[in-house]
Amino acid sequence: MADKLLSRYEDLKAQINFHNYRYHVLDAPVISDLEYDRLLNELKKIEADHPDWITPDSPTQRAGAKVSEKFEKVRHPAPILSLANAFGGDDARAWFERVKKLDDRVEKAKFVVEPKIDGLSVVLHYRNGQFVQGATRGDGEVGEDITSNLRTVRAIPLKIPVESEKWKGSLPKHLVVRGEAFIPVKEFEALNKRLEEAGEKTYLNPRNTAAGSLRQLDPVLTASRPITLLIYQIVYSEDGKVPTSQWEILEYLKSLGFPITDIAKRFNNLDAAIAYTETFNEGRDALPYEADGMVIKIDDLTLAADLGFVGKDPRGAIAFKFPAREVTTTLLGIDVEVGRTGVLTPRAVLEAVEIGGVVVRNATLHNFDYIEEKDIRIGDRVLVKRAGEVIPYVIGPVVDARSGKEKKYKPPSKCPACGQVVEHFEGEVAWYCVNAACPAQLVRNVEHFVSRGAMDIVGLGIKIVIQLIEAGLVKDVADLFTLKKNQLLGLEGFAEKKAENLLGSIEQAKGQSLNRLIAALGIHGVGEVMAGDLARTYGNLSALSKTTADELQQIEGVGPNIAESIVDWFATPTNQKLLKKLKAAGVDPQMKKNEKKKEGAFTGMTFVVTGTLPNFSRDNTKEFIESNGGKVTDSVSKKTSYLVLGENPGSKFEKAKSLGVKIIDEAELKRLAR
């Protein structure tokens, strides 16, 4: 048993040293912080039980990792150490109880709470107020000289610009400060967007991007990255007077012109410090940077120093870690789900992994273009993120962890729910199943078909739609027109009167216009306005079903994608069957071919309606405009003649103003029609 444990101990040391090298030297970790912490905690537990096993090469005996050979080495004037972790309030209180036993002063100590920013720790040297050298933390004793790169970071003062009255004349001859360099979240997202638009490789997270950028041999590249930093510690001072409390250190650094955090707070007791820290468990998304926790420090730096160290961890502070939101795991496969609108969405099937207390086995992959752009392969080690209640999603592959056995993924050619060939239109991200009877989208299709803007079947709400489908009475929208009273009476909540009313509404819907039926079919890209244009052009569904993409593109507003969508919809065998069933049920409205719109005061004008009008409903407004020869569209453009404005308007109001579109109210609309 002891031999097995010793073997595990040696294996843990090797693993952790390897991951330290990947993280600190290559800036390319292949596991998440959570997984690293678990390995380190297991190692610490073994060492606590077997202190005689501890060797100098143990990761617990060093703060960082080996320094890269590509940079000059810099020996730090004092150790640049990492902190022990606390994973909740109980851990933090246990730390307090341990250090309290070592020194009675801890009982009455004050505490300072600061963010634990997920970036690259840097050490800056100033002589006579001038910035002369900057280095990485390295292994805690020796770092890498990255002075040229740090000079490009605008947040770093090249000359200490200010001395406060309180500390006037106290500037040390040699001042060494420590801070965290990082890329703000919004800047990181903007950077990735620019890289994506340029067709270049994007980055997985801000931390690796900042670290990699600062450890480039070319300062020009570093200067092109939106890196900033916050300073939080004085490492060393010579011939000067500096504060002896952490809170005053922050004030002092700020007075000298260094950037410091604006969320640090001082508390009179540990419970208050923990309570403040815990508010960021859920509130960390409001921070402008990635933070994996908060740091709780004993404010009295003399006391903190007197407490000494445990291994390489100072006893005077603890890192209060947030629940992990990013982990790595293996992508076992990719499933495809069909949404209620017919859009196919890929879903990652993962090796089970815990993220923030929740076991995750699936995550979204957004869309098929995302898989291709990120080069995500089945079998990859992938980075997965879960923030709050947001659905977990795959950030991207850990390319350096590939073995060569990973397989590239191809999107499906057929719908996994119904087997019909799927459609992908040029310039669009989504892939679609256009089968109106696809079981995965049947509820949505029926709900749209009966809606007010389509066939307007009164009394057929979403709950009843679901009832009918679950009972097997409706397998496509045409089945609505063959429902019988005895079938409805067999459903919960239906009595004679309710069944008769619904059947009456369905019978009345058989007389709806052709344009309403076309809109009700749910053809991708065909809304109410285009449905009207198609109805006037073709006169009936039979003629429309035989049209070509070239013919359709002669209609104003019909581009190649929409034309292809219409042709493909009518060419789908299940949709052809649906049209025959509708016709057999008496749903086959006709319109005089090429029937012109009514002429009137609004002939040649295009209107957009936004907000709530005092007397007209949205449908009333549309009918009023069309009855006077006008056209109603959904979006504002330079071709829009008027925006009809009601109360509580949306974004269309602002767009109309920006384009100089004339804006009128209901009264003015009526006046124009006279």
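Using only Cα atoms, find the angle between the long axis of helix 2-20 and the longest principal axis of the chain, and express it within 0 to 90 degrees, rounded to the nearest 10. The angle comes out near 70 degrees.
Could you give the dipole magnitude of the stretch 73-321 about its Cα centre, charging the beta-carbon of Lys and Arg +1 and that of Asp and Glu -1, in debye to the nearest 20?
Details: 35 positive and 36 negative charges, 120 e Å.
Rounded to the nearest 20 debye, it is 580 debye.
Taking amide hydrogens as placed 1.01 Å from N in the peptide plane, the amide H of V235 sits under 5 Å from those of V176, V177, R178, each at least 5 positions away in sequence or on another chain. Taking the inverse of the mean reciprocal distance over all distinct Cα pairs, the Kirkwood hydrodynamic radius of the stretch 434-584 comes to 16.0 Å. Translational diffusion coefficient of the stretch 326-401 (Stokes-Einstein, Kirkwood radius from Cα pairs, 20 °C, 1.002 mPa s): 172 µm²/s. The stretch 301-366 and the stretch 623-671 have Cα centres spaced 49 Å apart.
Restricting to DSSP H runs of at least four residues, report the calculated mean residue ellipticity at 222 nm for the chain, -39500 (n - 2.57) per run over all residues, nearest 500 deg cm²/dmol.
Working: 25 runs with 229 residues, N = 674.
Mean residue ellipticity at 222 nm (helix-derived): -9500 deg cm²/dmol.
The dipole here belongs to the chain: it is taken about the Cα centre, uses +1 on the Cβ of Lys and Arg and -1 on the Cβ of Asp and Glu, and is about 1460 debye. Amide H contacts of G646 (H built 1.01 Å from N, in plane; Pro and chain starts excluded): T610, G611, T612 sit under 5 Å, all sequence-distant by 5 or more or on other chains.
Can you tell me, using C-alpha contacts under 8 Å and at least 6 residues apart, the relative contact order of the chain as a whole percent? Don't skip to the answer; put the middle values down first.
Working: 1202 pairs, mean separation 61.8, N = 674.
Worked out over the chain, it gives 9 percent.
Cross-link partners for K639 among the lysines, with Cα-Cα distance under 24 Å and sequence neighbours closer than 8 places in the same chain left out: K596, K597, K598, K622, K631, K652, K655, K657, K662, K670. Both numbers refer to the Cα atoms of the stretch 2-61; Rg and Dmax are 11.7, 36 Å.
Provide M591, M455, M530 in ascending order of the number of other Cβ atoms located within 10 Å of each residue's Cβ, fewest first.
With the fewest neighbours first, M591, M455, M530 line up as M591, M530, M455.
Converting phi to 3J(HN,Hα) with the Karplus coefficients 6.51, -1.76 and 1.60 and the offset θ = phi - 60°, the stretch 393-408 yields 9, 7, 6, x, x, 8, 4, 5, 8, 5, 9, x, 8, 5, 10, 5 Hz in sequence order, with x at every glycine or proline.
For K410, the lysines whose Cα falls under 21 Å of its own Cα, not counting residues fewer than eight places away in the same chain, are K201, K374.
The stretch 368-431 and the stretch 602-619 have Cα centres lying 43 Å from one another.
Karplus-based coupling profile of the stretch 306-314, in residue order and whole Hz: 5, 5, x, 9, 10, x, 10, 9, x, with θ = phi - 60° in 6.51 cos²θ - 1.76 cosθ + 1.60 and x standing for Gly or Pro.
Arrange V443, V394 by Cβ neighbour counts within 10 Å, fewest through most, would you?
On the way: V443 17, V394 25.
The fewest-first ordering by Cβ neighbours comes to V443, V394.
Here the alpha carbons of the chain define both size measures, Rg and Dmax, at 33.7, 99 Å.
Exposure proxy check: S32, S635, S255 ranked by fewest other beta carbons within 10 Å?
Values: S32 23, S635 8, S255 18.
So the residues, fewest neighbours to most, are S635, S255, S32.
Quick note: the coordinates plus some simple rules give every number you see, no bench work behind them. Treat the numbers as computed from the prediction; the structure is a model and nothing was measured. In this analysis, Cβ positions are derived from the backbone assuming ideal geometry, glycine residues included, and neighbour counts consider all displayed protein chains.
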